[in-house]
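Heads up: the structure comes next, in structure tokens.
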Amino acid sequence: MHSLIDVVLIQVLQFVALHFYAVQLCIKSCHCSASNNAGIMATPFMLSKDNIELQFATNHIGPFLLTNLLLDAMKNTARLTGKEGRIVNVSSRRHQFSYHEGIRFDKINDQAGYNSLSAYGQSKLANVLHANELARHLREDGEEIMANSVHPGAIATNLFRHMFINGLVDVFGKFVLKNVQQGAATTCYVALHPQVKGISGEYFVDSNIAKASSQATDSGLAKKLWDFSLSLIN
């Protein structure tokens, strides 16, 4: 199996930049698959340039907007080529450790109740919910595009830079964490492998379908997040 992959570094922190990147991507190439891999973790409370809590903005809203901007092009490509399109949201097992209500819709920018790790879990929960709701929309519309989410594993990257364990990761990470190639394996598998053909709305760990949290499989919560996210980007 041979696949051509374009790797594009995108600044997801500002809506106007995402519109620019989407236009450039559509001009540059046709799209059969897209992997949303933006990620920051456990940052101090901050707002993005669009006035949204930074982890939620970076890890969920940015990829949500970019996916929406690319979706028509992906649909057209799937129809013209007859090839199945795939969208992969890179989530985390930390999606199980969001705030107790899952997504704090009414308090998304509430600094007083902010917890950096819970906020990260919230954004990763949003990744799974987004993929599930997107899969439902695409299925109902009869589109040959699959949407799934993945947990890539704990990887030795700079994702831990805002945490107290960062120094330990630098020293011991190579012994206990996945390297970048291993960490990318599940994402690449779900985006490209023939065995995943026709599978949508699932959560993968180590290249296998896994069980997500009860909140992550809550269809009502997924729809509410979809509508909430649309309200933020419009």
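Any read-out appearing in this document is the output of simple, stated calculations on the displayed coordinates, not a laboratory observation. Everything quoted here is computed from the prediction, not taken from an experiment.
Observations on the model:
- The count of lysine pairs in segment 27-132 that are at least 8 places apart or cross chains, and whose C-alpha atoms lie under 28 Å apart, stands at 8.
- For the Cα trace of segment 31-233, dividing Rg by the Kirkwood Rh returns an Rg/Rh value of 0.96.
- 5 angstrom amide H check on residue 36, placed H, neighbours 5+ away: 88, 89, 90
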